[in-house]
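Okay, so here's the structure we're looking at.
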Amino acid sequence: MDLTIEIYLAIGMMGSVFALGFAFFKSKWIMKQEVGSDRLKKIGGYVATGAMAFLLRQYRVLGPFAATAAVLLLLGNKGLLRWEAVTFGIGAICSAASGFFGMRIATQANMRTTTAASRSLNEALKVSFAAGSVMGMSVVGLALGGITLILFTSIYFFGRASADFQHSILPILSGFALGASCIALFARVGGGIYTKAADVGADLVGKVEAGIPEDDPRNPATIADNVGDNVGDVAGMGADLYESFVASILGCMILALSATTDEHLKVRLVLLPLALATAGAVASAIGIQFVRVREGGSPQGALNRGSHIASILAALFSYPIFYFCLGNSTMSDGAGTNHFFLCTIVGIVSGTLIGMLTEYFTGTNRAPVNAIVRACDTGPATTLITGMGVGMTSTALPVATMALTVLISYQLAGLFGVAIATVGLQLTLGIQLAVDAFGPVADNAGGLAEMSEMPPSVRATTDKLDAVGNTTAAIGKGFAIGSAALTSVILFSAFKSEVGIAAIDITHPKVLVGLLLGGMVPYWFSSMCMMAVGRAAFAMVDEVRRQFRTIPGLLQGKAEPDYSRCVDISTSAALKEMIFPGLLAILAPVAVGFGGGVEMLMGFLTGVTTSGVSLAIFMSNAGGAWDNAKKTIESGLSGGKGSDAHKAAVVGDTVGDPFKDTAGPSLNILIKLMGVMSVVIAPMLKVFWGK
């Protein structure tokens, strides 16, 4: 009996156990670290309680939605495809769990990072980065475990031939990806609205109007602001990249079926991403161990070192995997082991380049951010104009990098080569997400240091990590956008394969209408997110002003603000406002597909991807650049804190907040969710339109 399938499934499950085990032991190590003073514990407890309360309320809102969607999948499908309803629920649960685990440890690590910062920069980096690594490895472990278990069960019940994968197993697995995507979108949008409503209220009233420092305990919105860092930038980002990882693996598996005519080889190619993802998890774990910094050293350099080591190891590990799968076999187009190995390299290099470009446009002491700093000297208007110009300019090179990635990998190994490059870009997701998620922990640590009135040297240490965290967060968003763009390409190709269309005529009226509608949707979606933040921020500003006005002695530090009221405003606004953007993303491809046909839907997906990718890069990079321009001025340039330039920078950062933390990152999920939804409804569309 050929045990190749069992070997791949065993590798996938071992990868899942390894990643989750790594995350478990890191979390145990974090919990053993010193928490700190009673005041620090009290304030940190407010943040942890608020974050977990929001997440649980969000899941209670999403539970009925997920159940309704599962029932619709059950009723809309026939035969074996009804199992999509079950896998949809599993995907939704795993996506929610990935955010839950990461945020829970982040809200425990922030206090311990504050205490560690009183000892040294390296100690603070170790704790905050360990929390990020828990998130990163949890996401990889849950994704690998979920996919492997569904494949194992499906193969047991439905068969192991390539035809079984094509007609039963992979369509059922697409339900898992859809569940992950739906929860991720709501988590990203809801978390983004929450965090930015609090952040805008805290900044505009506290820093600009009242002239008090950031995270000052007199500001009623500070607890909500720190809670928001966790629900938006930790839980939201975790769910975002979880569904991206799952969707790219699914797309790769679907395209594997058309890569060769060898039936036995088809099945091995379908399962190949499991082994690649396992290799990436091991490489990420090794890279994580190299992230350390000497006192006075560069945290950014330490993070880059770990990421580069992980990327090199992932590339090296991938070659024997390809050789085991392919040997001397070749695809229908002649591609073999060396071609797929090169596609992996192309994907890894692409991710690295996108990160470097993002760092250039958003990093401190870089020309784009310095240009915004100079613009702050002449007021908010020039600050906004320059920041938007920087964001628009920053779209060119990342988009060109993605385009070259598609062209080179396609030339090497066709559409399956593009899929391999996409998986390659995300091979080191464990450490890439760790690098991103450590930032909010460091940011929270600084806020806790301020609110618990620790020595200024502690805040100075956390600020060093926070400044790096702003850049790594921007890099993480660039990485997420790049993965979204390439994932959407392979999902588009997978949908084309599923509906059985060889080519489309771009001049056909239905395709053109689809392109126009698709190009519009990211703007409409972004407007919903931005307007939601505006409405929630208005309520927050009004509440902070009210407390400053009506609570005697609050601004003098003689009374404690009502933190819970601000937390409740952000929570209620986020849960209410996330519904309509989420429904737009889910229902739009369904309406276009059943209302206009397969050709219109293919045009629609093309328009969404091309428009959404550039808009996401623009918004994320403009917001990141405004944020670090503010941080640069707060370090002493252009008059420092309290100067007119600083007030202009705060206005720019306030505009940039919903750009980079709500609308921009949510667009990643929008374009992937529409692709996954199209793949899921492809069998129904074929029946409906008689294809």
Could you tell me whether Asp505 is modelled with pLDDT under 85, open to solvent by 10 Å² or more (accessible area, probe 1.4 Å), part of a helix (DSSP H, G or I) and farther than 28 Å from Tyr242 by Cα?
no
Picked from the range 379-400 (must be of a type in the set (A, V, I, L, M) and within 11 Å of Gly652 (Cβ to Cβ)), the residue most open to solvent (accessible area, probe 1.4 Å) is Ile385
Going residue by residue through the range 163-186, is there one that turns out to be open to solvent by less than 10 Å² (accessible area, probe 1.4 Å) and farther than 30 Å from Met253 by Cβ?
no
Subset of the range 560-593, residues open to solvent by 30 Å² or more (accessible area, probe 1.4 Å), over 21 Å from Arg57 (Cβ atoms) and of a type outside the set (Asp, Glu), comes to Leu587, Val590, Ala591
Can you say whether Leu353 is assigned to a helix (DSSP H, G or I), out of contact with any Phe, Trp or Tyr (no Cβ under 8 Å at 6 or more places or on another chain), under 22 Å from Ile408 (Cα atoms) and open to solvent by 50 Å² or more (accessible area, probe 1.4 Å), as far as the supplied structure shows?
yes
Checked pairs for the range 414-439, first open to solvent by 10 Å² or more (accessible area, probe 1.4 Å), second β-branched (Val, Ile, Thr), C-beta under 7 Å and 6 or more apart or across chains, list as Val435/Thr472
In the range 75-100, residue least open to solvent (accessible area, probe 1.4 Å) [restricted to those that are modelled with pLDDT under 85, hydrophobic (A, V, I, L, M, F, W, C) and out of contact with any Phe, Trp or Tyr (no Cβ under 9 Å at 6 or more places or on another chain)]:
Leu81
Of those in the range 594-625 that are β-branched (Val, Ile, Thr) and under 22 Å from the mean Cα position of the chain (by Cα), the residue surrounded by the most Cβ atoms within 10 Å (Cβ to Cβ) is Val608
Hits in the range 622-640 - residues which are assigned to a helix (DSSP H, G or I) and of a type in the set (Ser, Thr, Tyr):
Thr632, Ser638
Within the range 285-301, can you find the residues that are part of a helix (DSSP H, G or I) and either of a type in the set (S, T, N, Q) or surrounded by fewer than 21 Cβ atoms within 10 Å (Cβ to Cβ) (or both)?
Ile286, Gln300, Gly301
Name every residue in the range 50-66 that is among the small types (Gly, Ala, Ser), open to solvent by 30 Å² or more (accessible area, probe 1.4 Å) and either touching a residue at least 12 places away in the same chain (Cβ under 8 Å) or within 18 Å of Ala437 (Cβ to Cβ) (or both), in order of residue number.
Ala53
Quick check, is Lys28 over 21 Å from Gly146 (Cα atoms), in a helix (DSSP H, G or I) and free of Cβ contacts under 8 Å to residues at least 60 places away in the same chain?
yes
Among the residues that make up the range 628-647, is at least one of them free of Cβ contacts under 8 Å to residues at least 60 places away in the same chain and either crowded, with 24+ Cβ neighbours inside 10 Å or of a type in the set (Lys, Arg) (or both)?
yes
Return only the number of the condition from (1) farther than 23 Å from Asp505 by Cβ; (2) in contact with a Leu (Cβ under 9 Å, 6 or more places away or on another chain); (3) part of a helix (DSSP H, G or I); (4) of a type outside the set (Lys, Arg) that Gly534 does not satisfy.
(2)
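The values are calculated or read from the model by the stated rules, or taken from the named source; none is laboratory data. Predicted model, so just to flag it, every value in this text is computed and none were measured. Cβ sites come from the backbone with ideal geometry, for glycine too, and all protein chains shown count toward neighbours. With ligands, DNA and RNA removed, areas are computed over all heavy atoms of the protein, side chains included. Shrake-Rupley method; radii C 1.70, N 1.55, O 1.52, S 1.80 Å.
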